[in-house]
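The values are calculated or read from the model by the stated rules, or taken from the named source; none is laboratory data. Computed from a predicted model, the values in this text were never measured in an experiment. In this analysis, Cβ positions are derived from the backbone assuming ideal geometry, glycine residues included, and neighbour counts consider all displayed protein chains. Keep in mind that these areas ignore ligands, DNA and RNA; they rest on the heavy atoms of the full protein, side chains included. Shrake-Rupley method; radii C 1.70, N 1.55, O 1.52, S 1.80 Å.
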Amino acid sequence: MKDIVTLFKELIAFDTMSDESSLSYPSSDKELEFADKLVDILHSENVANAYKDEYGLVYAKVDNNKEITIGLIAHMDTSPELKGGLKNPVIVNNYDGSIIKLNENYSLDPKEFPFLNELIREDIIHTDGEHLLGGDDKAGIAIILTFLSYYLSHKGEFNYNLAICFTPDEEIGKGALHFDVKKMNSDVAFTLDGGSIYEANYENFNAASASLTIKGVGIHPGSAKNIMVNAALLGSEFINLLPKDMVPEKTEEREGFIHLTEFSGNVEEAHLNFILRDHDSSLLEEKKIILKNIVNTLKEKYNNPKVKFILEIHDEYRNMFDYFINDMKAINLINKAYLNSNVKISYTPIRGGTDGATITYMGLPCPNLGVGDFSPHGRYEVVSLTQMKKMVEILKELYK
Ligand SMILES: [Zn+2]
């Protein structure tokens, strides 16, 4: 296997942007080509059972005659927010905390991007200002492949079998759509898809979406008195009855929210879409009740059979914490690995979803580990090569 820096540069040179507008799976052929490339790399390391399945997911397993198998998962696609395929990344060794000029138009200033202060004295890699870097999640792939190579030549050191999966379309919310727990054939797994390696995650939001359709009563405005009921105005009345502070822009950490994502309407009909998020599942239920109660209040107030409020609520994903609170096996593995590596770990709640949560509820417990990627999804993305290398060492402890 090439050294981790050369390998990482090779992986990010490959454009694997996923495509939200695509109807196929995976959403782009580039991801399938990249999957083939990864299978080739695995075969060249003599992992003969590595393969790409019918959905473009790559699986591989290294059997070491152990009872328990630990799986590692990373995603192959990059965010649709900016083009990938960066050919000329820039490495800064022993970063000194100064402003980094990406190109004529863009620079990275620690005042604007405070994460840079945490990377002082580390070796980092950044973009040309025109592409995203793709460390999300090719840093994860490079770490896994580098660890795999070491594992293969030092099998006697390890107490767990190693399984690997690379998934497409994570950035468009479909990374776990065709993930197959049977093919992965592991007892626990970890996604390597995150920021600082000094943070891991086993908490994410519980999520639901809500759509509200309001039907009003339309009539010529000249003869509307006591007859017209303007659905658009009812929509704005609905919004005004929502708790004012329960919004993304006023919440942080474990505070949940009701977020209005879309509002359109006229006299006849109005549409409102919301997303509901909370780390606490009972508080998520309360948020659903808030919406239902406002509907009831307005129904009573207008008390007109022609005026209709149609509220539909759908659950989206669940907080994996509710699983881990009863089974800390995977978290204990992380704690042991960091302790033995002499590296401090803290756990932060994700204010969003993660494929690991979906996979956890498929029956394979799957917390998330960091890869040293910062400010992803754009030109200001930076990866710490120092942290990537350290993560490989932590994985060695994880499998011991
Ligand atoms: Zn990612």
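Structure notes:
- Note that the stretch 332-398 presents 34 Å² accessible area per residue, ligands and nucleic acids not counted, probe 1.4 Å.
- Accessible surface for the stretch 47-90, divided over its residues, is 43 Å² per residue with a 1.4 Å probe.
- Relative to the dominant Cα principal axis of the chain, helix 281-302 is inclined by about 20°.
- For a label point 7 Å along the Cα-to-beta-carbon line of K101, residues of the stretch 122-141 with backbone N under 14 Å: 129
- Relative packing of peptides 21-31, 185-195, 299-309 - highest average C-beta neighbours within 10 Å first: 185-195, 21-31, 299-309
- Highest-first arrangement of 8-14, 213-219, 137-143, 156-162, where packing means the average Cβ count within 10 Å: 137-143, 8-14, 213-219, 156-162
- Helix 135-153 axis versus longest C-alpha principal axis of the chain: approximately 30°, rounded to the nearest ten.
- Surface composition of the stretch 35-161: carbon and sulfur make up 44 percent of the accessible area, probe 1.4 Å.
- DSSP beta bridges in the chain [antiparallel fraction, %, rounded to 5]: 75
- Spatial separation of Cα centroids for the stretch 33-76 and the stretch 305-349, in angstrom: 26
- Per-pair calculated FRET efficiency, R0 = 51 Å: H220 and M328 via Cβ, rounded to 0.05: 0.15
- Stokes-Einstein diffusion coefficient of the stretch 206-315, Kirkwood radius over Cα pairs, 20 °C, 1.002 mPa s, in µm²/s: 147
- Lysines with Cα under 20 Å of K250, excluding same-chain neighbours fewer than 8 positions away: K287, K288
- Counting only protein heavy atoms and a 1.4 Å probe, the stretch 206-315 has 57 square angstrom of accessible area per residue.
- By accessible area, using a 1.4 Å probe on protein heavy atoms only, the stretch 206-315 has 51% of its surface on carbon and sulfur.
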